[in-house]
Structure formats: C-alpha cells, structure tokens
1. Please find, within segment B:50-94, the residue that is most open to solvent (accessible area, probe 1.4 Å) out of those that are among the hydrophobic types (A, V, I, L, M, F, W, C) and in contact with a Lys or Arg (Cβ under 7 Å, 6 or more places away or on another chain).
2. Only one of B:P93, B:P71, B:P105 is farther than 21 Å from B:R163 by Cβ and within 14 Å of another protein chain (Cβ to nearest Cβ). Can you tell me which?
3. So, of the residues in segment A:277-302 that are under 30 Å from A:T112 (Cβ atoms) and open to solvent by less than 10 Å² (accessible area, probe 1.4 Å), which turns out to be modelled with the lowest pLDDT?
4. Please work out if A:E220 is on the phi < 0 side of the Ramachandran plot and open to solvent by 10 Å² or more (accessible area, probe 1.4 Å).
5. Just checking, does segment A:183-199 include any residue being surrounded by fewer than 21 Cβ atoms within 10 Å (Cβ to Cβ), without any contact (Cβ under 8 Å) to a residue 60 or more places away in the chain and facing chain B (nearest Cβ under 8 Å)?
6. Can you name every residue in segment A:164-182 that is touching a residue at least 40 places away in the same chain (Cβ under 8 Å) and either at the interface with chain B (Cβ under 10 Å from one of its Cβ atoms) or of a type in the set (D, E) (or both)?
7. Out of segment A:99-117, which residues are more than 12 Å from chain B (Cβ to nearest Cβ), open to solvent by 10 Å² or more (accessible area, probe 1.4 Å) and not hydroxyl-bearing (S, T, Y)?
8. Checking the conditions here, which among A:E162, A:E177, A:E122 is more than 19 Å from B:I161 (Cβ to Cβ) and outside the structural domain of A:K239 (by TED's automatic domain parsing)?
Amino acid sequence: MVHESLASGGALPQGGLPKDGLPQDGLPQDGMPPTPILNEPSPILENLQAEPIISFRHVSKIFPGSRKRGEVRALDDVTFDINAGEIFGVIGYSGAGKSTLVRLINGLERPTSGQVIVDGIEVSRLSEGQLRSIRADIGMVFQQFNLLNSRTVAGNVSYPLEVAGKSRVERATRVTELLEYVGIADKAGAYPKQLSGGQRQRVGIARALATSPHILLADEATSALDPETTQDVLRLLKKVNSELGITIVVITHAMSVVRTACDRVAVMENGKVVELGNTYSIFADPHAPMTRKFVGTALQDKPAGDSLARLRNRHPGRLITVTVADGVASSSSSEIFRVLGRHAVDAAVVYGGITEVGDRPYGSLTLELTAPDAADIEAAVAEIAMIAGVEDLGARSSSARVGVRPANNLAHLRVPRGIA
Amino acid sequence: MITARLNTLNSASLYSASLNSASLSNAIDWQRFGPLLWTAAGQTIRMAGIALVVGGFFGLLMGLVLYLTRPGNLLQNRAIFTILNVLINTVRPIPFIIFVVALGPITRLVVGRIIGIEAATFAMSIVAAFASARLVEQNLVTIDPGVVEAARAMGATPWRIVRTVLVPEALAPLILGYTFLAVGVVDMTAIVGMIGAGGLGDLAIVHGYRQFNWAITYVVVAVIIALVQLVQMLGNFLARKALHR
C-alpha cells in the first residue's frame, strides 16, 4: 500500500498527476504498458519542473539463495519516479532494499524483473560495456568513502577523469577546481588515511562530481560521520544541488538527514515503497506505520512510555498533545493558544518540540489544561481538534481534579490520590 | 690437565677432539675457497632472481585470474576458478625435491636437460609461480570490495581496475609476500644442488658438511643469512614506502 501525501503549500509531487493513462497515485496498474515518456515530457509536467529523470517500473530484485539461506527478495515491485533537479531521499532500516535500489540506477546491480529508466535510457537492459559510458554521468558517494589509499587526494579526484580519457592538463585544472569547490584545496597532496571522516567524504564528493554528472547517488553518505560533520556534508550536497542543478538521490536511515536535505522522500520497508511524498507532508502527516516510526525518532516531540508516566505524576491536569504545523494537517501554535484564551482555559507547556522541516515549522506540544469549569476544557479541546491534530492523554485520575487551578489550590496537590 | 687426561679415556670425546683439530687444521684456504664462494653466491642469486621474476610474474597472473573469477567478483567464472584452484592446491603440497624429479620429462622438453642450473631454475620458477599465485590471491581478497565498486561506478574496465586499483591498493602486502617468497626461493636453491645446480647450498653441503669442514659450512651459511637479511630489509623498506605512512 502506497500513500501519496500531498502538501498544500509545496509543489505537487509528480506522481499525483494523471499522466498517460496512469492512475492518480502514479502507479501503473499491472498489465498496463510502462510509459517511458522521458523524451517527450508532457507540458504540464515541464511547467511544474517535475520531469522524471529516474523511473522505476515494477522493479523486483531477488538474490538467489544458497545452501545456508533462502533467497532474498530485496526489492518487490517498486514503481516511482525521481524528478530532475530534486534531492530525493530513500529512507528505511538496513535490509529494506534501499542500497539495492540505488545500485540499479548506475547498473551496479540488475533488476530481476521490471525496468529502470535513467535519462530516457533503460539501463536495466544495457550490457556491462554500455553501462560504463553511462556511469560517467552518474556520480556516486559511499558510506565508507571508498577512496584509493594508494593515491593522494588529487589522485583520487583525478581517477574518474583518467577513466574518461582526459589529458593530464585538463585533469590538473579540473582537480584544483573541484577541491576548491568542496573546500579542501589545501589537502591535495595528502593521503586519505591522513584526513578526517568529513574531509574524506568531501574528497568522495569531489571525485563523484569530476565528470560533471547529472545525477549524484549518495549511499548512506553521512552515516559514518558525527552530527556536526553530517550537517557540513549535507550543506555541501544542497549546494551541489542548487548551484550545479544535479539531481541527488540520498539513501539514509536517519530521518534528520531527510529533514535537512530532501525535497521528497520514499519510505521503504521489506523491499517495498510504503510511502512517498514531499518531505514536509511526510513529517506533518505520516500514514504508514513505518513512516510514523521514523518521524517519531526524528522529532522526539511526543511523550511516550516512561516520560509520559513521569509527566502525569507531575501534572495532574488534562494533558493533550497538539500537532503544530504550517497549515498542512494542523494550525500554528498562536491559533491554538487563541482558542484556549477564548475559553478561559489555562495552558502550560509541559513537553514538546518544534523544529524546521523544509524551512517550515513542524512539531508538537503537550499542554496541561486547567480551568475552573471542566466544560470549558472540553469545549476548547473540541475546538482545537478542528484546527489541529490533537491526541488526548486525559487527566491523571478522577475528573474531580480537572478544573482546579493549581495556582490557587496548591494544598490540593498534597492530598493523597485516593481521598481526593 | 685432569680434563685432558679424561678426554683421552673417552672415545666419544676423542672423536669430537679429532673433529675439532681437523676443522682447525682445515682452516679455510681462501685462495681456493674464495673464488668458489663467489661463483656459488652468483649462481644462487641468479637462480633465485630468475625464479622470482619469472615465477612471480606468472604467479601474479594466476593470482589475479583466481581473484577475478571467484564467484561474485568482477569476471566471475566458476569453471576457470575451480580448475585453477584445484591445480594450485595440487602442485603446492608436493615436496619440492619430488616435484623437481617428477617434472623431469617436461624440463627436458623445455630446457633440454634435467640437471644443471637451467633445469633447476625452470623447476623453481614453476613452484614459485604456484606459491605466489596463492599469495597474490590472498592479498587481493583483503582489498575492500567497496573500492572496487567505486571504480566500477566510475566506469572503469576490469583491466583498468586491475592496474589502477587492485595492484596499487595491495602493493605493500604484495611486496612483503614476494619478500617471503624470495627467502623461500633461496632455500630451494640449496635443495636443487641435488640435481647439480651448484649455488651456496650445494657449496655448504659438498665442501663443508660432507668434508666435516665446519668452518666452510658456517661461512656459507653466514653468507646465505646475510643475503636473506638484505632481501628482507629491502622488502620492508619498499613495503613501508608503498603504505604512505
């Protein structure tokens, strides 16, 4: 089941448009001929700048089993498009099939069935020799950097240019240019072992950009880096995307990477894409359980388990968690507080977090509501539920506690629970 | 004085005393032995050198083919891999001296005779090739497959990957492996004295050991040790350079 989330504010995901007989969800139905219309994009798509540069059509990949273990279905009937010029994220736990997926794009792996179309060419049908010429147009960055330890930084960046048959002079000029672009010009003569992780990944990115590709594949490019270096590298990738117009496919298991860098994201589970949409709507309105899990780990803005129990212990009043978002599935926090004020309900923020997703605010706040009249609280909660996502956590025990202002009745808090 | 008298009463000690005096009286006649030693050292270096270069080259080839055709690798080919693998495993455990003799007919075909320096060098080259094939393969296996994948992703052909990734990345351990092989080959030269190949080992056995001339034996052994030390030092130096540390 694929959920295609739509954001009201952002550009429409390409898959949401009716296109050449495809159903609304962007997935061709079984038996329907695949539609590699890349050479003649429809004018509607062009206007929206949502021209697919990479298309997966019913792609499955099965790794044959051996005596020790059964066959592995790494990809299971995957169909979606990646648009030219976007940073597209593929998120999933290890074993979800995302690394296999990205290796189909440059032909390092071949699909068992289905088509992979890149820049109008069905790469899944090319021979190894034909693939080699395509690969110069697709840069790749790796989790473990995969630099040649026997070569200097300059030698590593020069490598793809040697493969492309560039002259010594051309290579030298281009290498200097690239090292300056990624900010490690002073390390040209150093060996990879002498560099930090962040510097090595910059070399990896410079190397991937050497042949001026149109597509950059980043396979867990920041997973071996510390949080600060991760942000540096993501900033560099965003710069590459915006300044050079290179389409970037980011494979990751960290939602924070998606939040910082990606325009759209596909969530993968057991070889299937379970949800796909633009980053903001995925965060604001996740449908698939796996997506909710990822969003939850990224924000940690909702109390659960132990933290919820501690919270209840400290705050006897009515607790609600409201989702704060930018007009997608919820309202801004100021509107929520205005409603509470109108109903004369006191609200204390006891938990929560607001963060930025794609330059827009997103998160949730857990509020403790108190009012002299319990009915006011009920009315306020009902009204908020109409404008924002509300999760009602209830009050600690009996309803007697609701409606008591803690400020006026501090003594009340000392009354043992059973008696009150 | 007392010990001396006891010695004369003990036949075993008598033997050892006579042996001592013999070797002392046989103190090396450098006029005669010097040129012999030079010639033998030259023969050893030549035999070992040729066996190392020729055997090492074919070993590198076989090792590369073995690595590349391994299931899951760049040019995977189960048939070639299995045949080569079995062949290497068959040749390597055969005791060297038996192999040299068994190889006789082929040696005669290639070299023209089955004894002498050329025949011995031929046999040594073959053994060195099979030994280094395994050695090369083992060192290539330790290369991070990710680096090979990166080169593939950049559009490099298998042959380019061999030249620019596999060999350079495994260079330091390969140098150390070949150094180990060089020492083994020097050891082989001592054995091929049995088929009249000359060399230092032969000299130590014929002029030293069999004539109870311990002085000559020790001198020759010392030269072999010095040679091995030199080779090892050179190997270590080159490997360190290749590691860029």
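1. At the first step, the residues of segment B:50-94 found to be among the hydrophobic types (A, V, I, L, M, F, W, C) are B:50-54, B:57-58, B:60-62, B:64-66, B:68, B:74-75, B:79-81, B:83-84, B:86-88, B:91, B:94.
So of that shortlist, the ones also in contact with a Lys or Arg (Cβ under 7 Å, 6 or more places away or on another chain) come out as B:81, B:88.
On the way: B:F81: 32, B:I88: 0 Å².
That would be B:F81.
2. From the options B:P93, B:P71, B:P105, the qualifying one is B:P71.
3. For segment A:277-302, the residue satisfying everything is A:F294.
4. Values: on the phi < 0 side of the Ramachandran plot: no; open to solvent by 10 Å² or more (accessible area, probe 1.4 Å): yes.
So A:E220 does not fit the description; no.
5. The answer is yes, given that some residue of segment A:183-199 is surrounded by fewer than 21 Cβ atoms within 10 Å (Cβ to Cβ), without any contact (Cβ under 8 Å) to a residue 60 or more places away in the chain and facing chain B (nearest Cβ under 8 Å).
6. Start the filter on segment A:164-182 by keeping residues that are touching a residue at least 40 places away in the same chain (Cβ under 8 Å), which leaves A:164, A:182.
Selection gives A:A164 alone.
7. Residues of segment A:99-117 more than 12 Å from chain B (Cβ to nearest Cβ): A:100-101, A:104, A:110-117.
Next, only the ones that are open to solvent by 10 Å² or more (accessible area, probe 1.4 Å) stay: A:100, A:110-115.
Correct list: A:R110, A:P111, A:G114, A:Q115.
8. On the way: A:E162 fails: more than 19 Å from B:I161 (Cβ to Cβ); A:E122 fails: outside the structural domain of A:K239 (by TED's automatic domain parsing).
Being more than 19 Å from B:I161 (Cβ to Cβ) and outside the structural domain of A:K239 (by TED's automatic domain parsing) holds for just one of A:E162, A:E177, A:E122, which is A:E177.
The values are calculated or read from the model by the stated rules, or taken from the named source; none is laboratory data. Being a predicted model, the structure only gives us computed values, none of them experimental. Glycine gets a Cβ as well: all are built from the backbone with ideal geometry, and neighbour counts include every protein chain shown. Just the protein is used for accessible areas: all its heavy atoms, side chains included, with ligands, DNA and RNA removed. Shrake-Rupley method; radii C 1.70, N 1.55, O 1.52, S 1.80 Å.
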